[in-house]
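J.: So that we are looking at the same thing, I have put the structure below in structure tokens.
The values are calculated or read from the model by the stated rules, or taken from the named source; none is laboratory data. Just so it is clear, the model here is predicted, and its values are computed rather than measured. Here Cβ is always computed from backbone atoms with ideal geometry, including for glycine, and neighbour counts include all displayed protein chains.
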Amino acid sequence: MKQLVLNRRQFLKATAVTGIATALGGSFKTGFTQGEAVNSAPAAETKIIKTNCRACIANCGVLAHVKNGRVVKLEGNPEYPMSKGALCAKGLAGIQALYHPNRNKYPMIRVGNRGENKWKRISWDEALDTIAKKLMETREKYGAETVFCSTGGGGNPEFWSIPRFCNAFGTPNWFEPGCAQCYLPRTLTFALMYGGPDTSIADSNCLEIYDPDDTPMKTLVMWGTDPSYSCPAGGGGAVAELRARGVRTVVIDPRLTPDAAKADVWLPIRPGTDVALMLAWTRYIIDKKLYDQDFVLKWTNLPYLVDVKTQMLLRASENAEGTPDTFMVWDTKTNSAQPLAYPWNDNLTPALEGTFMINGVECKTGFQLLKERSEPYTLEKAAEICWLDANKIEEAIKLYALNSPGGISLGVATDQNPNSVQAAMGAGTLNVLMGNVEKPGVLMNRFKTSGIAPIFTYIVPPALKLLSEEQLKKRLGGIEYKGLLQWWAAQPSAVLDAILTGKPYKPRVWLDRSGNKFGVLANSSAWVPALEQLDFIVHMYMYPTSFSTYADILLPTTEWLETNMPVESMNKVFARQAVTHLWETMDETLIWSKLAKRCADLGHENCQKAFDLDFMGKDLPYWNSMEELLDIFTKSAVKMNWKEFAQKAPIEYLPMKEYKEYYVYKKIDPQTGLPAGFNTPSKKLEVYMENMIILGRTGKPFSTYPLPPASKDYNPLPYFLEPHESPLEGSELAKEFPLVMTNGRVPVYHHGTLRNVPWLREIYPVPEIWINPKTAAKYDISQGDWVYVESKRGKIQAKAWLTEGQHPGVVYMERFWNPETMDTETRGWREMNVNILSKNDAPFNDVVGTYTLRGYLVKISKADGPPKGVWLKPQEFKKWLPEPSDPTKEVEV
Ligand SMILES: Nc1nc2c(c(=O)[nH]1)N[C@H]1C(S)=C(S)[C@@H](COP(=O)(O)OP(=O)(O)OC[C@H]3O[C@@H](n4cnc5c(=O)[nH]c(N)nc54)[C@H](O)[C@@H]3O)O[C@H]1N2
Ligand SMILES: Nc1nc2c(c(=O)[nH]1)N[C@H]1C(S)=C(S)[C@@H](COP(=O)(O)OP(=O)(O)OC[C@H]3O[C@@H](n4cnc5c(=O)[nH]c(N)nc54)[C@H](O)[C@@H]3O)O[C@H]1N2
Ligand code: SF4
Ligand SMILES: [Mo]
């Protein structure tokens, strides 16, 4: 404690100014100190090292002050183009996380019974040898597919080291609690619709928003995203800057977030009904002819004719690979179906709408089908479904549609129910209809990357080809939910089901590298009987969590202040560099390599095979240190080794103006002399998503092998699915559980992390449940009361926060677990964990298998007090304050 420079009051003050307050509207340029952007030593003994935060997925630039080998202060690096020198509370809490007395310090092996939480220190060699031996035995006895891995969504920035290990080992099974519930529905849909990034602010896309003085943007729609909470230092601040410059905003969110409070129109939607509202926006825009007609006609596939029966587009010819097929349109000049050669034919006047008989086959344009799909969703109908006011909906649509350029940013909210992919389709469609694509002021842009990408995004190649066709076909949930192929992942509920039923086979060994799976997986209690049946469990993380108590081996991993990784942000590349190294912690990217190497030494053929399928080549099938791996990238990208690069970083690889490239689709391709178009097979915006049908039938374009079809064709257009646990009249379940539960972020925690950081727990000690005062009154609940919250699946507690900013039929909570009760019967995850209530069974999303984290039914009642043993007062957290530590040298294994 003595060495800490920032005291608690200063911390609270700093977080108020640099983090949350900035996001809420303060200026970046005032209110906080910015350190000299140098890698040198301004004051005696104190070195300032440039690095990047990883306490969430935003990677903000950091200046770490290091004195006598110890990190004493963190501040924002103003060079970082997104956060511009701001840091949020989570980032600033990095010191407490790093020096936490309860870090996993050494590899440990379980002694006593599983779940007893008794451990013995072992060496890295012993730990890795034991794991590799177990892996190889299991593979031999039961098949490689019975080993499965999992990771965290915002965990180790080197995401692909897990699939790489799985592919080499030969198991098709790894999963992530985000994935189908986070981001995949959007990355998949936007990739298939236009071949560019999605519009998530929290995932550091929407790159147009970070240059507020140089954008003509007029409107920003934040749909199911709350950047002031989910990325306070970067995206949240950028949105505040845009608002300050007059950009009008619409927020679609069931709760009154800071962004909702400042919006021109706020639509407090009923959770889980977004696609109905999107279809109403679509209908209105089509009906009132507000869409960009020229753009839609020339640059989308909506005028192309679709065979109504087969749902497939009519082709005049299938052209050679790389050149788009020629599709049929209805020419209104000649009243006949005509082929439209890419990109356009001025001699034709294609119809956008209409139904036509062509050689006895009923055909409609894609636009006609979209129009018919949206037809039932009048403003009134949407108001009724979504619990909104029809006039307010109209006001929001007009604000968006009459004030271009602009865009719809879609957050994670819609990824967390079975209507997930359809919402991404709906949001993409609304951006496209308004022509909000690849021009200044819009969100769907394909700006340049360092040109050496993916080198600086994910550096470890996933080695997809190492997984055989036979093994790929065994992926749990993989045939039915082929959208998972974009991330090469399995479906968590299918894995759970397989453990419990032994069908189609029984998974036996689990390697997990993330925080607390009980805190982030839906219906987490359902995993307990599964965990009890597994032969062997490994947990790699920075701290013990509830999940660790079920493990056989614990591996200590590095905190972000101990890791090295390139970080690309807009036109610059930064270096997250290790500022210190404590105990025997190891970077996980290295752990996977070491495991693969050991499996190779035990005779595993694939692992033995030099990974020469990737550009890493024969020389580096495994890497023995992170530096060895990183050198390969920096040497090829910037002709420096990692150390030199880290010293020089950030490098600006392009001036901002060149980096922000617009109208990419119009650029002439020198090979064809035609516009390059979009990154889709037709080179048009594929709003009529025939490619979803093809994906479901074959696995194309993601599978390396042809796969058998899913049980049902995927739908090429967005459709609305009423939440399975519906609060609407006639629902039996709603009689017992009348309220709709939803979630979102709080700005001081990231997923299951940081609940063990005293200063953050002081800001937000226990989870609140947001309740409308009218609803609270019904249950005799007052502000600050303890309540029980119950769903069909379980019962937890929370503290009442009464607010008008919450619909009377909806309640809201954040995910929580309590590290302080880990040694009790509850293991810290049963008291206040909203994922005890959430729903992990069917219906799933048809394309990616999403289950339900938001928009299911609960009931509430008053409780007498807090759950036993949880810490509520600042002095109780004292035990977790940083301790002096013993920095160790590189761990040799
Ligand atoms: N009810 C409900 N459940 C949810 C959600 C919800 O909104 N409501 N959200 C879902 C979403 S969007 C997601 S992405 C998942 C997240 O679920 P997970 O990502 O599995 O969550 P954790 O394992 O707690 O988080 C891992 C965390 O480790 C930290 N970390 C940083 N560096 C490293 C590192 O080098 N290695 C490792 N292992 N960890 C590191 C990061 O803060 C990272 O978030 O949860 C999902 N679950
Ligand atoms: N502080 C913090 N920041 C984080 C994370 C974290 O755990 N903590 N996690 C990171 C990760 S992995 C992710 S995916 C991003 C997510 O960040 P965002 O994409 O911004 O999404 P959330 O903040 O989870 O949720 C946005 C809003 O959705 C609202 N909402 C709930 N249900 C519905 C619904 O049915 N429809 C609509 N329209 N809105 C709904 C919630 O009230 C919430 O305010 O945040 C990242 N940043
Ligand atoms: S938003 Fe906060 S936690 Fe996330 S990277 Fe930036 S400073 Fe770190
Ligand atoms: Mo996420």
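J.: Sort out which residues of the range 491-518 are within 16 Å of ligand 2 (Cβ to nearest atom) and of a type outside the set (Gly, Ala, Ser), and write them in order of number. First the steps, then the outcome.
T.: Within the range 491-518, the first condition is being within 16 Å of ligand 2 (Cβ to nearest atom), and the residues that meet it are 492, 513-518.
Pro492, Arg513, Asn516, Lys517, Phe518 - these are the residues of the range 491-518 that are within 16 Å of ligand 2 (Cβ to nearest atom) and of a type outside the set (Gly, Ala, Ser).
J.: When the residues of the range 135-188 are filtered to those that are closer than 18 Å to Val538 by Cβ and of a type in the set (Val, Ile, Thr), which remaining residue is nearest to ligand 3 (Cβ to nearest atom)?
T.: Thr151
J.: Considering every residue within the range 533-553, establish whether at least one is surrounded by fewer than 22 Cβ atoms within 10 Å (Cβ to Cβ), touching a Lys or Arg at 6+ places or on another chain (Cβ under 9 Å), assigned to a helix (DSSP H, G or I) and not assigned by TED's automatic domain parsing to the domain that holds Lys795.
T.: Within the range 533-553, one or more residues are surrounded by fewer than 22 Cβ atoms within 10 Å (Cβ to Cβ), touching a Lys or Arg at 6+ places or on another chain (Cβ under 9 Å), assigned to a helix (DSSP H, G or I) and not assigned by TED's automatic domain parsing to the domain that holds Lys795.
J.: Go through (1) surrounded by fewer than 20 Cβ atoms within 10 Å (Cβ to Cβ); (2) farther than 30 Å from Arg815 by Cα one by one and return the number of the condition Val329 breaks.
T.: Only one criterion is unmet by Val329, namely (1).
J.: On to the next question. What pairs come up if the first residue lies in the range 802-813 and is of a type in the set (S, T, N, Q), the second is in a strand (DSSP E or B), and their beta carbons are under 6 Å apart, counting only those six or more places apart or on different chains?
T.: Thr803/Trp770; Gln806/Arg255; Gln806/Trp770
Table: residues versus (1) within 30 Å of Met822 (Cβ to Cβ); (2) more than 16 Å from ligand 3 (Cβ to nearest atom); (3) out of contact with any strand residue (DSSP E or B) (no Cβ under 7 Å at 6 or more places or on another chain).
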{"site": "Ile693", "(1), (2), (3)": "no, yes, yes"}
{"site": "Tyr705", "(1), (2), (3)": "no, yes, yes"}
{"site": "Ala710", "(1), (2), (3)": "no, yes, yes"}
{"site": "Gly744", "(1), (2), (3)": "yes, no, no"}
{"site": "Val748", "(1), (2), (3)": "yes, no, yes"}
{"site": "Pro767", "(1), (2), (3)": "yes, yes, no"}
{"site": "Asp785", "(1), (2), (3)": "yes, yes, no"}
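J.: List every residue pair whose Cβ atoms sit under 6 Å apart, with the two residues 6 or more apart in sequence or on different chains, where the first one lies in the range 198-213 and is aromatic (Phe, Trp, Tyr) and the second, anywhere, is surrounded by fewer than 24 Cβ atoms within 10 Å (Cβ to Cβ).
T.: Partner pairs satisfying both residue conditions: Tyr210/Pro81; Tyr210/Met82.
J.: Given the conditions (1) of a type outside the set (Gly, Ala, Ser); (2) buried (at least 21 other Cβ atoms within 10 Å of the Cβ); (3) over 30 Å from Gly354 (Cα atoms), and given that Leu277 satisfies all but one, which numbered condition is not satisfied?
T.: Condition (3) is where Leu277 drops out.
J.: When only residues in the range 166-180 that are part of a helix (DSSP H, G or I) and more than 16 Å from ligand 4 (Cβ to nearest atom) count, which is nearest to Gly515 (Cα to Cα)?
T.: Cys166
J.: Do the conditions hold for Phe518, that is, is it more than 16 Å from ligand 3 (Cβ to nearest atom), more than 30 Å from Ile694 (Cβ to Cβ), crowded, with 21+ Cβ neighbours inside 10 Å and among the aromatic types (Phe, Trp, Tyr)? Walk me through how you get there before you give the answer.
T.: Values: more than 16 Å from ligand 3 (Cβ to nearest atom): yes; more than 30 Å from Ile694 (Cβ to Cβ): yes; crowded, with 21+ Cβ neighbours inside 10 Å: yes; among the aromatic types (Phe, Trp, Tyr): yes.
Judged against the criteria, Phe518 is a match.
J.: Name the residue, out of Thr257, Thr249, that is within 16 Å of ligand 1 (Cβ to nearest atom), closer than 26 Å to Ala382 by Cβ, surrounded by fewer than 24 Cβ atoms within 10 Å (Cβ to Cβ) and modelled with pLDDT of 95 or more.
T.: None of the other options fit; the residue is Thr257.
J.: Only one of these conditions is not met by Leu388: (1) away from ligand 2 (no atom under 16 Å from the Cβ); (2) assigned to a loop (DSSP other than H, G, I, E, B). Which number is it?
T.: Only one criterion is unmet by Leu388, namely (1).
J.: Can you tell me which residue among Leu476, Leu399 is in contact with an Asp or Glu (Cβ under 9 Å, 6 or more places away or on another chain) and within 18 Å of Asn167 (Cβ to Cβ)?
T.: Leu476
J.: Which of the strands (runs of 3 or more DSSP E) found entirely inside the range 185-294 contain at least 2 residues meeting this: within 24 Å of the chain's Cα centre (by Cα) and within 30 Å of Phe702 (Cβ to Cβ)?
T.: Ranges flagged: 219-223.
J.: Quick one: which residue in Pro418, Pro376 is in contact with a Pro (Cβ under 6 Å, 6 or more places away or on another chain) and either within 15 Å of ligand 2 (Cβ to nearest atom) or in a loop (DSSP other than H, G, I, E, B) (or both)? Before the answer, list the steps.
T.: Numbers: Pro376 fails: in contact with a Pro (Cβ under 6 Å, 6 or more places away or on another chain).
Step by step, each of Pro418, Pro376 is checked, and only Pro418 is in contact with a Pro (Cβ under 6 Å, 6 or more places away or on another chain) and either within 15 Å of ligand 2 (Cβ to nearest atom) or in a loop (DSSP other than H, G, I, E, B) (or both).
J.: Would you mind stating whether Thr130 is among the hydroxyl-bearing types (Ser, Thr, Tyr), more than 16 Å from ligand 2 (Cβ to nearest atom), closer than 22 Å to Pro507 by Cβ and in contact with a helix residue (DSSP H, G or I) (Cβ under 6 Å, 6 or more places away or on another chain)?
T.: Against the criterion (among the hydroxyl-bearing types (Ser, Thr, Tyr), more than 16 Å from ligand 2 (Cβ to nearest atom), closer than 22 Å to Pro507 by Cβ and in contact with a helix residue (DSSP H, G or I) (Cβ under 6 Å, 6 or more places away or on another chain)), Thr130 does not qualify.
J.: For the range 840-862, what are the residues that are hydroxyl-bearing (Ser, Thr, Tyr) and surrounded by fewer than 23 Cβ atoms within 10 Å (Cβ to Cβ)?
T.: Across the range 840-862, the qualifying residue is only Ser861.
J.: Let me confirm something: among Gln422, Gln368, which residue is at negative phi, in contact (Cβ under 8 Å) with a residue 40 or more places away in the chain and more than 16 Å from ligand 4 (Cβ to nearest atom)?
T.: Going through Gln422, Gln368 in turn, the sole match is Gln422.
J.: Does Ser150 satisfy the criteria of being in contact with a helix residue (DSSP H, G or I) (Cβ under 8 Å, 6 or more places away or on another chain), part of a strand (DSSP E or B) and either within 16 Å of ligand 2 (Cβ to nearest atom) or closer than 20 Å to Ala596 by Cα (or both)?
T.: yes
J.: Might you check whether a residue that is over 25 Å from the mean Cα position of the chain (by Cα), in the same structural domain as Glu814 (by TED's automatic domain parsing), surrounded by 22 or more Cβ atoms within 10 Å (Cβ to Cβ) and at pLDDT below 95 occurs anywhere in the range 759-766?
T.: There is at least one residue in the range 759-766 that is over 25 Å from the mean Cα position of the chain (by Cα), in the same structural domain as Glu814 (by TED's automatic domain parsing), surrounded by 22 or more Cβ atoms within 10 Å (Cβ to Cβ) and at pLDDT below 95.
J.: Let me ask another. Quick check on this structure: which one of Gln491, Gln416, Gln471, Gln422 is modelled with pLDDT of 95 or more and more than 28 Å from Val834 (Cα to Cα)?
T.: So the residue among Gln491, Gln416, Gln471, Gln422 that is modelled with pLDDT of 95 or more and more than 28 Å from Val834 (Cα to Cα) is Gln471.
J.: Follow-up question, since we're still on this one. What number of residues within the range 173-196 satisfy the criterion of being crowded, with 24+ Cβ neighbours inside 10 Å, away from ligand 2 (no atom under 16 Å from the Cβ) and not aliphatic (A, V, I, L, M)?
T.: Total satisfying the criteria: 3.
J.: Next up: Among the β-branched types (Val, Ile, Thr), farther than 23 Å from Pro268 by Cα and outside the structural domain of Cys386 (by TED's automatic domain parsing), is that true of Thr824? Even if it seems obvious, please write down each step before you answer.
T.: Working: among the β-branched types (Val, Ile, Thr): yes; farther than 23 Å from Pro268 by Cα: yes; outside the structural domain of Cys386 (by TED's automatic domain parsing): yes.
Criteria met by Thr824.
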